[in-house]
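The values are calculated or read from the model by the stated rules, or taken from the named source; none is laboratory data. Computed from a predicted model, the values in this text were never measured in an experiment. Neighbour counts are summed over all protein chains in view; Cβ atoms, including those assigned to glycine, are modelled from backbone coordinates with ideal geometry.
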Amino acid sequence: MARRQSPIRRRSGALPCRLRIAGAVAAVALSLMPPSVWSAGRDRVAQAFAEQARYLAQEALGYEHGEGVPRDQPYAARLYCESARLGDSEGMYALGWMYANGRGVERNDAYANTLFAMSAFLGNEHAARIQRYLGDYTGAVPACLHTPSEILQQRWPVEGLIARLPPERQAVARLLAELAPKYGVQPALALAIGLTESALNPNALSPKNAMGVMQLIPETAERFNVKRPYDPEQNIRGGLTYLRWLLAYFEGEVALVAAGYNAGEGAVDRFRGVPPYRETRAYVERILRHVGQDRHPYDRSVVAPSPMLRTLRLASQEDHET
């Protein structure tokens, strides 16, 4: 049987199909952007959506293959769908692959075909090649592309939280939320840390000489090459670099990451968990309440995990065996 040509490559009658695919891509993108969001500036909003989409696709990849987090293919599919909703061709391609293979979702060739077509329309060569083996574009898409899932609903409150802040803090909050995905940190965690540390005050100085938005003590500022700790962007980048390190060191355990940020990773190692300091325990509880999850994806290439984690796991295994 001759291979079917991809509808986006077919010359005869290609324009109507391309318009239909373009319309599908545009409809998904426009459904995400209420007028109030556009007031921030089209280019800036588009860039923020693109960065968030790429971050979601990377996060989904970890859950799909169990890299750095427990393997959870249904959750990976939901993350890929949010990435696709934000216009990411890789998210569309990956979700199409999952539907084509029944991985984490019920197999649906019509959905897969549409997702591959949309991804190919945006320039994804892998999707374009796969389409040669598929039927014509039908326009059928999974419901998650039209209806915001719990994942997106969890992220939009970040925007609502920022809107409720005093005007002088909103710019700092937006900067923190926009930079966080570049460091592999979810905006909710970054904002929880920034709000708890300094209420997002770039000029904050604690009795222990912790400085700026992310309250970097001099040793931490030097460790992460922060030369101007009262410069909001430089301070935030330093704090996010430290959070990325802590996430890898404690393998995404949010409670340990928060405790490490507050009391230092050395204290967490010594006490084999959250230190028994009243301030640190209250701090950890507040971060967990804000973030709403106890696990966070992490990049294992950043640093080797804390040896303490292995000790704890061995002790836990022994307890279960006895």
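Exactly one condition in (1) of a type in the set (Phe, Trp, Tyr); (2) within 17 Å of THR280 (Cβ to Cβ); (3) without any contact (Cβ under 8 Å) to a residue 60 or more places away in the chain is false for TYR261; which is it?
In the conditions (1) of a type in the set (Phe, Trp, Tyr); (2) within 17 Å of THR280 (Cβ to Cβ); (3) without any contact (Cβ under 8 Å) to a residue 60 or more places away in the chain, TYR261 misses (3) alone.
Is it true that some residue in the stretch 252-271 is in the same structural domain as ALA190 (by TED's automatic domain parsing), of a type in the set (Asp, Glu), assigned to a helix (DSSP H, G or I) and modelled with pLDDT of 95 or more?
Scanning the stretch 252-271, I find at least one residue that is in the same structural domain as ALA190 (by TED's automatic domain parsing), of a type in the set (Asp, Glu), assigned to a helix (DSSP H, G or I) and modelled with pLDDT of 95 or more, so the answer is yes.
Between GLY266, GLY252, which is on the phi > 0 side of the Ramachandran plot and either of a type outside the set (Asp, Glu) or in contact with a His (Cβ under 8 Å, 6 or more places away or on another chain) (or both)?
On inspection, the qualifying residue turns out to be GLY252.
Can you name the condition, by its number, that GLY123 falls short on among (1) surrounded by 14 or more Cβ atoms within 10 Å (Cβ to Cβ); (2) under 17 Å from GLY87 (Cβ atoms)?
(1)
Only one of LEU134, LEU179 is out of contact with any strand residue (DSSP E or B) (no Cβ under 9 Å at 6 or more places or on another chain), crowded, with 18+ Cβ neighbours inside 10 Å and modelled with pLDDT under 90. Can you tell me which?
After ruling out the rest, the residue left standing is LEU134.
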